[in-house]
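Visitor: Below: one structure in structure tokens.
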Amino acid sequence: MVRTEGSFASLVGDEGRHHVSADGPVMAHGLLTASLATRIGGRLDYIARRMNWEFLKPVWEGETITARVTVRALRRTRSGAELELGIVIVNQDGHEVLRGDSTGVVRDAAGARPSAPG
């Protein structure tokens, strides 16, 4: 994990000692862990409408985590596609630390919102 806990804790206002402790191991915020899957969504231009997370194990400073996103369903629409995704995040030992799902859309270029005048 990249050392971002202090910055993330300040950004979201959750500075519980388990997230910012100088005396012991630091636990990653659950939403920081979950945000790893949004990197994949960003590459797809995926616009989430719903996200559901189940946090199974804590992620500790120094651990490596990997997100696996699976397309469970895809339906074409007039302006793009609706997707249902399954999400699993595992630690370096292959243990699931987070499980979830999401529904959302990927718009065709024609369905994208126009740029603001510049």
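Visitor: Compute the length gained on full extension between F55 and T103: take 0.36 nm times their separation in residues and subtract their Cα-Cα distance, giving the result in nm to one decimal. Could the numbers behind the result be given before it?
Guide: Values: separation 48, 0.36 × 48 = 17.28 nm, distance 1.84 nm.
So the chain would gain 15.4 nm between F55 and T103.
Visitor: Right, next: Sorted by average packing, counted as other Cβ atoms within 10 angstrom per residue and highest first, what order do 101-108, 77-84 take?
Guide: Values: 101-108: 16.6, 77-84: 14.9.
Result, highest mean first: 101-108, 77-84.
Each value in this text was obtained by applying a stated rule to the coordinates, not by laboratory testing. Quick caveat: nothing in here was measured; it's all calculated off a predicted structure. Cβ: placed from backbone, ideal geometry, glycine included. Neighbour counts: every protein chain shown.
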